[in-house]
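Read the structure below first, then the notes.
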Amino acid sequence: MTDQSRGGRIRATGSRRKKPGARRRATTVVAWSAAALVLVGGSGLGYAYFKLNGNIKGVDINASLGTDRPVNVDNGSMDILVLGSDSRSGANSSYGADQGGARSDTAMIVHVNEGHKTASVVSVPRDTIVERPDCESDEGTAEGARRAMFNTAYEVGGPACAVKTVEKMSGIRMDHYIEVDFTGFKQLIDDLGGVKITTKEAIDDSKSHLNLEPGTHTLDGEQALGLVRTRKSVGDGSDLGRIQLQQAFIKALITQVKEIGLLSSPKKLYDIGDTATRAITPDSELDSVRELASFAGGLKSLGASDVNMITLPVEYDPADPNRVVPLEKASEQVWTALRTDKPIPASATEQSAGDKGDAADVVTGG
């Protein structure tokens, strides 16, 4: 393995991973909720199943991962890696320059507890320094690294390498993988009629193109995308603060989905189902409307208050203040809680820099 602490160019023994198409250019801040919408869209569509099935393109991560994985704990709980990439090519070029490959811009490990009445979500900062394992992909073997930024796993080995890296760092087997693209995210919010949030202070961010005064707003798709990409102008300007904004938006989105009464509008049902199935790239065990509907049925009863969201306990890297490293003991508290299907103890995040992004209270649901 080689050291890779600054996220520079990474070499593999095979060809560099090809740039992903539009479906794979993702910001998965809402992928979990988007999957839940498929249940709502699919349950009343009947004849449209064939159309929606044709929208879904899955990715087979199991074939690349093989058998060297954590034990599959069959206790009724479920673990999902929700991942997005920061590619800026094609339709996403307006969000910045493409740097020649995709990296995971947003990553969340979603643990749905046994009984599916509560869930824990652990956001992993993209600049977290981790040990990245060797990864197999269609282009060859991507060499691992002892000190690699977390978001490079997706770049060198795609979804399977991202899953393998998460499983190595957590000791938890991922049951599923989901991502969603920029365009799909925006359209999904627009199909919902927007998402209501309240800002405690003004947000004016030239990079994310978002300008909001303090107060209550119903964000359209473009504004919602701007919010979850905002960093420099809120809190301490770090990616840790941006994660806090993303978590606040997800809770507002969950509340919105449960309140809008989709079943009263067949057209809205279809539009949301069509958008969601085009937007998401699930693993191959979720690549049909029927499988997505079954999966989403396990999430349907969850409200915003049932979901505990944290950032992986980290501290700034002594070797590079622009990076963070996991707090070993605190992180193990988090992983142990998920492995044993128990709530994450509050003590796990008490010393984490992730709780010091200063953006936690800037945005709340409507």
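Just to be sure, is Thr255 farther than 23 Å from Gly298 by Cα, open to solvent by 30 Å² or more (accessible area, probe 1.4 Å), part of a helix (DSSP H, G or I) and at pLDDT below 90? Break it down into steps so the answer makes sense when it comes.
On the way: farther than 23 Å from Gly298 by Cα: no; open to solvent by 30 Å² or more (accessible area, probe 1.4 Å): yes; part of a helix (DSSP H, G or I): yes; at pLDDT below 90: yes.
No; evaluated as a whole, the condition is false for this residue.
Just to be sure I understand, how many residues within the range 156-204 are of a type in the set (D, E, K, R) and within 17 Å of the chain's Cα centre (by Cα)? Talk me through it step by step, then tell me what you get.
Just the residues of the range 156-204 that are of a type in the set (D, E, K, R), to begin with: 164, 167-168, 173, 175, 179, 181, 186, 190-191, 196, 200-201, 204.
If we keep only those that are within 17 Å of the chain's Cα centre (by Cα) as well, we get 164, 167, 173, 175, 179, 181, 186.
Counting residues in the range 156-204 that are of a type in the set (D, E, K, R) and within 17 Å of the chain's Cα centre (by Cα) gives 7.
State whether the residues of the range 350-361 include one that is surrounded by fewer than 18 Cβ atoms within 10 Å (Cβ to Cβ) and in contact with a strand residue (DSSP E or B) (Cβ under 6 Å, 6 or more places away or on another chain).
Among the residues of the range 350-361, not one is surrounded by fewer than 18 Cβ atoms within 10 Å (Cβ to Cβ) and in contact with a strand residue (DSSP E or B) (Cβ under 6 Å, 6 or more places away or on another chain), which makes the answer no.
Run down Ala160, Ala153 and say which single residue is farther than 27 Å from Ala248 by Cβ and buried (at least 22 other Cβ atoms within 10 Å of the Cβ). Lay out the reasoning, then the answer.
Working: Ala153 fails: farther than 27 Å from Ala248 by Cβ.
Answer to the selection: Ala160.
Please determine whether any residue of the range 197-210 is polar (S, T, N, Q), in a strand (DSSP E or B), open to solvent by 10 Å² or more (accessible area, probe 1.4 Å) and closer than 26 Å to Leu312 by Cα. Outline the logic, then answer.
Narrowing the range 197-210 to residues polar (S, T, N, Q): 198-199, 206, 208.
Filter once more, so that each one left must be in a strand (DSSP E or B): 198-199.
Adding the requirement that they be open to solvent by 10 Å² or more (accessible area, probe 1.4 Å) leaves 198.
Next cut, closer than 26 Å to Leu312 by Cα only: 198.
Yes; the residues of the range 197-210 include at least one that is polar (S, T, N, Q), in a strand (DSSP E or B), open to solvent by 10 Å² or more (accessible area, probe 1.4 Å) and closer than 26 Å to Leu312 by Cα.
Filter the range 35-66 for residues that are at pLDDT 75 or above, in contact with a helix residue (DSSP H, G or I) (Cβ under 6 Å, 6 or more places away or on another chain), in a helix (DSSP H, G or I) and under 18 Å from Ile280 (Cα atoms) and give the result.
Residues satisfying the conditions are Leu52, Asn53, Asn55.
Of everything in the range 313-348, what is basic (Lys, Arg) and open to solvent by 50 Å² or more (accessible area, probe 1.4 Å)? Give them in sequence order. Outline the logic, then answer.
Taking the range 313-348 and keeping what is basic (Lys, Arg), we get 323, 329, 339, 342.
Correct list: Lys329, Arg339, Lys342.
If you go through the range 283-301 one residue at a time, how many are open to solvent by less than 10 Å² (accessible area, probe 1.4 Å) and either closer than 19 Å to Val163 by Cα or free of Cβ contacts under 8 Å to residues at least 24 places away in the same chain (or both)?
Count: 2.
Quick one: in the range 164-196, which of the residues that are in a loop (DSSP other than H, G, I, E, B) and of a type outside the set (A, V, I, L, M) is most open to solvent (accessible area, probe 1.4 Å)? Give the derivation first.
Initially, the range 164-196 is screened for residues in a loop (DSSP other than H, G, I, E, B), giving 171-175, 193-194.
Those left that are additionally of a type outside the set (A, V, I, L, M): 171, 173, 175, 193-194.
Numbers: Gly171: 38, Arg173: 70, Asp175: 47, Gly193: 54, Gly194: 3 Å².
For the range 164-196, the residue satisfying everything is Arg173.
Out of the residues in the range 71-98 that are under 21 Å from the mean Cα position of the chain (by Cα) and in a loop (DSSP other than H, G, I, E, B), state the one that is modelled with the lowest pLDDT.
That would be Asp98.
Working carefully through the options Ile272, Ile280, Ile310, find the one that is within 18 Å of the chain's Cα centre (by Cα) and open to solvent by less than 10 Å² (accessible area, probe 1.4 Å). Let's see the steps before the verdict.
Values: Ile272 fails: within 18 Å of the chain's Cα centre (by Cα); Ile310 fails: open to solvent by less than 10 Å² (accessible area, probe 1.4 Å).
Criteria check complete, one pass: Ile280.
Could you please find all residues in the range 119-142 being in a strand (DSSP E or B), modelled with pLDDT under 95 and open to solvent by 10 Å² or more (accessible area, probe 1.4 Å)?
If the condition is that a residue be in a strand (DSSP E or B), modelled with pLDDT under 95 and open to solvent by 10 Å² or more (accessible area, probe 1.4 Å), then Glu136, Ser137, Gly140, Thr141 are the ones that fit.
The values are calculated or read from the model by the stated rules, or taken from the named source; none is laboratory data. All values derive from a computational prediction rather than experimental measurement. Backbone-built Cβ (ideal geometry, glycine too); neighbour counts: all protein chains shown. Surface areas here come from the heavy atoms of the whole protein model, side chains and all, with no ligands, DNA or RNA. Shrake-Rupley method; radii C 1.70, N 1.55, O 1.52, S 1.80 Å.
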